[in-house]
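Visitor: Just passing along the structure, written as structure tokens.
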């Protein structure tokens, strides 16, 4: 048994289930071509698929929804990064999209 994500025609993940490839191949769970294997424990397809994620066929990667419009996709990790790194001074910060900067949590 493995984790598989079902994607819609726009490559959006609509569900993730534990199932085996043979069961998917029967077609009883929909078009077998719309099921993509994912895993929580290895870097297969960069990220574990979640509902609302997008499957990028070119990168062969599951990509989370973009958290903020200013963030950019890191091509090496397929993770979204802020345009400026969060300060590494031991304080707590939250992203402020209005100023596109990190604001310290007081």
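None of the figures in this text is laboratory data; all of them are computed from the coordinates on show. Just so it is clear, the model here is predicted, and its values are computed rather than measured. Every residue, glycine as well, gets a Cβ built from its backbone with ideal geometry; the counts of neighbours run over all protein chains shown.
Visitor: What FRET efficiency comes out for residue 88 versus residue 59 if R0 is 25 angstrom and r is the Cβ-Cβ distance? Round to the nearest 0.05.
Guide: 0.35
Visitor: At a Förster distance of 35 Å, what's the computed FRET efficiency of residue 96 paired with residue 75, Cβ-Cβ distance as r, to 0.05?
Guide: With a Förster radius of 35 Å, E is 0.85.
Visitor: Next question, about the same structure. Using a Förster distance of 41 Å, how high is the FRET efficiency between residue 104 and residue 20, based on the Cβ-Cβ distance and rounded to 0.05?
Guide: 0.25
Visitor: Now for a separate question. Using helices alone, I'd like the mean residue ellipticity at 222 nm for the chain: each DSSP H run of four-plus residues gives -39500 (n - 2.57), total over residue count, nearest 500.
Guide: Value at 222 nm, helices only: -1000 deg cm²/dmol.
Visitor: If you build a Gaussian network model of the chain, linking Cα atoms that sit under 10 Å apart, which residue out of 47, 11, 31 swings the most?
Guide: Among 47, 11, 31, the largest mean-square fluctuation in the Gaussian network model of the chain belongs to 31.
Visitor: Another question, then. With the Cα gyration tensor of segment 1-65 giving a ≥ b ≥ c as the square roots of its eigenvalues, does the rule (a/c under 1.5 for rounded; else a/b larger than b/c for prolate; else oblate) give rounded, prolate or oblate?
Guide: oblate
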